Amino acid sequence: PNTCRRRLALFIVLLFLLMFTTFSNNVPGSQVILRSTELKERPLAMALNSTIARLTGSIPAPLLFGLGLDRLCLVHSSETCNGGTCLLADNTRVKYLALIVSFVFKSASAIFLLLAWRFYKKNQACRQIASTSDSSNARLC
């Protein structure tokens, strides 16, 4: 019982960290969109971001994760011709699948946000150079 409590506490802490990193990416992502678009195009940019996020994340992700879970199934029911539902899955491999998938996509999201932030800063510097009268420096951007 004591090891179960430790594992549960570890699971809750890790789940909290996963949720924290999930939602901490939302604010910088929105800031990047809002700061890199014209004022009149911001509602459209936010709507497109939401639509693309739903189409590329919310729709295929459960299907792909379900496919991964089906491949990790050890025992299927025999109710239907195509294998039926999963009765027993390999829990260790399911844990690693969830960990690897969440780590890869959280890392990719953080990398893309950092790249967007970096290129946005460079773009802002180029705009400031272009606004001055010296056109020789503007060609460097």
Once phi for every residue in region 90-106 is put through the Karplus expression 6.51 cos²θ - 1.76 cosθ + 1.60 (θ = phi - 60°), the whole-Hz ³J(HN,Hα) values, with Gly and Pro written as x, are 7, 4, 5, 5, 5, 4, 5, 4, 5, 5, 5, 4, 5, 5, 4, 6, 5
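Let me know the shape class of region 1-71, please: from the alpha-carbon gyration tensor, a ≥ b ≥ c as square roots of the eigenvalues, rounded when a/c is under 1.5, otherwise prolate if a/b is greater than b/c, or oblate.
Numbers: a/c = 6.12, a/b = 1.81, b/c = 3.39.
It is oblate, given that a/c is not under 1.5 and a/b is not larger than b/c.
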Label points 7 Å out from Cα along the Cβ direction at Arg6 and Met46: separation in nm? 4.7
For Cys4, the accessible surface traced by a 1.4 Å probe with all protein chains present amounts, in square angstrom to the nearest 10, to 90
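Quick one: order Arg42, Arg7 from most to least accessible surface, probe 1.4 Å.
On the way: Arg42 80, Arg7 180 Å².
If we order Arg42, Arg7 from most to least accessible, we get Arg7, Arg42.
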With θ set to phi - 60°, apply the Karplus curve 6.51 cos²θ - 1.76 cosθ + 1.60 along region 23-33 and write out the HN-Hα couplings as whole Hz, x wherever there is a Gly or Pro. 7, 6, 7, 5, 5, x, x, 5, 5, 4, 5
Can you pull the one-decimal nm distance between simple spin-label points at Ser24 and Leu63, each 7 Å off the Cα toward Cβ? 3.3
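The values are calculated or read from the model by the stated rules, or taken from the named source; none is laboratory data. Since the structure is predicted, the reported quantities are computational estimates derived from the model, not experimental observations. Please note: Cβ atoms are built from the backbone with ideal geometry, for glycine as well, and neighbour counts cover all protein chains shown. Please note that ligands, DNA and RNA were not included when accessible areas were found on the heavy atoms of the full protein model with its side chains. Shrake-Rupley method; radii C 1.70, N 1.55, O 1.52, S 1.80 Å.
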